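A.B. asks: This is the structure, below, for whatever I ask next.
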Amino acid sequence: MARPVPRGDTYQPARLKFFHGPMDCGKSTLALQMDHNHARQGRRGLLLTRMDRSGAARISTRIGLDRRAIEVTDELDLRELVRGKWALGARVDYLICDEVQFFSLDQVEQLADLVDHADVDVYAFGLATDFRSELFPATKRLLELADGVYQLQVEVLCWCGRRGQLNARVVGNRVVREGEQVLTGDTGRDDPVHYQVLCRAHYRSGDLGPAAPAAGQLPLG
């Protein structure tokens, strides 16, 4: 891929940055904020996602923000996607890639190619580990290739008050450790299959904590 003309008076090479954390830590929110900040400076980018919680081709957040995005399928070559935009006369300065743990290994390599050979910045956001506390293949490769790796600082708490680290898959009010690596779900406890962020100790013991208290407040006195 041909490298575009460097931007601005002081050339800064493109970089591949990976932002990770457990569920509920604000990855998608930061992805949309980063897109907003870059667009305000006149840069042009693409939003990409795979298997968003909304079930649509969008980057959605639990605080209500969402934007339309390009759905990354198994067949999509990200280099060809950018080439196609160039062919239409569009500029592509950066990619925002959400749910990047679900990208294929080839697609992670394509992201690195876009950084190294097309001067396109890539900002990737995703989970580090799956419900078995093992690295997703795409995450592992990003940790190996990224110019910068950043753990998100928005604190997610286990039910006990400790820092939440691991994403437990819950089926029938029980932590399960076997099954397909990719099984979409959210954090709503009413869903038959859902995910709950736990600290290491309670992830390992499978302790989901006490039942949620009834609505209302404690009486005074």
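Read-outs: derived from the displayed coordinates by stated rules, not from any lab. Just so it is clear, the structure is predicted and the values come from calculations on it, not from any experiment. Because the Cβ atoms are built from the backbone with ideal geometry, glycine has one as well, and the counts that use them run over all protein chains shown.
A.B. asks: Quick one: Karplus J couplings for region 38-46, per residue in order, coefficients 6.51, -1.76, 1.60, θ = phi - 60°, nearest Hz, x for Gly and Pro?
C.D. replies: So the J values, rounded to whole Hz, are 5, 5, 4, 8, x, 7, 10, x, 10.
A.B. asks: Enumerate by residue number the trypsin sites (Lys or Arg not before Pro) in region 76-167 meeting two conditions: DSSP loop (anything except H, G, I, E, B), and at most 14 other Cβ atoms within 10 Å of the site's Cβ.
C.D. replies: Numbers: sites: Arg79, Arg83, Lys85, Arg91, Arg132, Lys140, Arg141, Arg162, Arg163; in loops: Arg91, Arg132, Arg162.
Filter output for region 76-167: Arg91, Arg162.
A.B. asks: A further question on this structure: Please give every one of the lysines within straight-line cross-link reach of Lys85, meaning a C-alpha to C-alpha distance under 28 Å, and leave out same-chain neighbours fewer than 8 residues apart.
C.D. replies: Within the straight-line cut-off, Lys85 pairs with Lys17, Lys27.
A.B. asks: Rounded to the nearest 0.05, what FRET efficiency do Ala87 and Glu134 give with R0 = 41 Å and r taken as the Cβ-Cβ distance? Could you check?
C.D. replies: Computed FRET efficiency for Ala87 and Glu134 comes out at 0.55.
A.B. asks: Counting other Cβ atoms within 10 Å, keep those with at most 13, restrict to DSSP loop, and tell me which GluC sites (Glu not before Pro) in region 138-184 are left.
C.D. replies: On the way: sites: Glu144, Glu155, Glu178, Glu180; in loops: Glu155, Glu178, Glu180.
Those satisfying the criteria are Glu155, Glu178, Glu180.
A.B. asks: Now for a separate question. How much length is gained on full extension from Arg44 to Thr73, taking 0.36 nm per residue of separation minus their Cα-Cα distance? Intermediate values should be presented prior to the final figure.
C.D. replies: Working: separation 29, 0.36 × 29 = 10.44 nm, distance 2.23 nm.
Separation in residues times 0.36 nm, less the Cα-Cα distance, equals 8.2 nm.
A.B. asks: Here's a follow-up. Can you tell me the FRET efficiency between Asp106 and Gln12 if r is taken as the Cβ-Cβ distance and R0 is 30 Å, rounded to the nearest 0.05?
C.D. replies: Details: r = 27 Å, r/R0 = 0.91.
That gives a FRET efficiency of 0.65.
A.B. asks: Also: For Leu143 and Arg162, calculate 0.36 nm times their separation in residues minus their Cα-Cα distance, and state this gained length in nm to one decimal. Mind showing how you got there, number by number?
C.D. replies: Numbers: separation 19, 0.36 × 19 = 6.84 nm, distance 2.55 nm.
Here the answer is 4.3 nm.
A.B. asks: Could you pull out every residue, at least 5 positions away or on a different chain, whose amide H is within less than 5 Å of the one on Ala128? Hs are placed 1.01 Å off N in the peptide plane, and Pro or chain starts have none.
C.D. replies: Amide H neighbours of Ala128: Gly21.
A.B. asks: To the nearest 20 Debye, how big is the dipole of region 11-144 about its Cα centre, given +1 on the beta carbon of each Lys and Arg and -1 on that of each Asp and Glu? Can you show the working numbers first?
C.D. replies: Details: 19 positive and 21 negative charges, 119 e Å.
Once rounded to the nearest 20, the dipole reads 580 debye.
A.B. asks: Just to confirm the filter: which GluC sites (Glu not before Pro) across region 45-130 are DSSP coil and have at most 10 other Cβ within 10 angstrom of their Cβ? Intermediate values should be presented prior to the final figure.
C.D. replies: Numbers: sites: Glu71, Glu75, Glu80, Glu99, Glu109; in loops: Glu75, Glu99.
Passing sites in region 45-130 are Glu75.
A.B. asks: Next question, about the same structure. Pull out the extension gain between Asp116 and Gln151, defined as 0.36 nm times the separation in residues minus the alpha carbon to alpha carbon distance; nm, one decimal. Write down the numbers at each step before the final one.
C.D. replies: Numbers: separation 35, 0.36 × 35 = 12.60 nm, distance 2.34 nm.
Gain in length upon complete extension: 10.3 nm.
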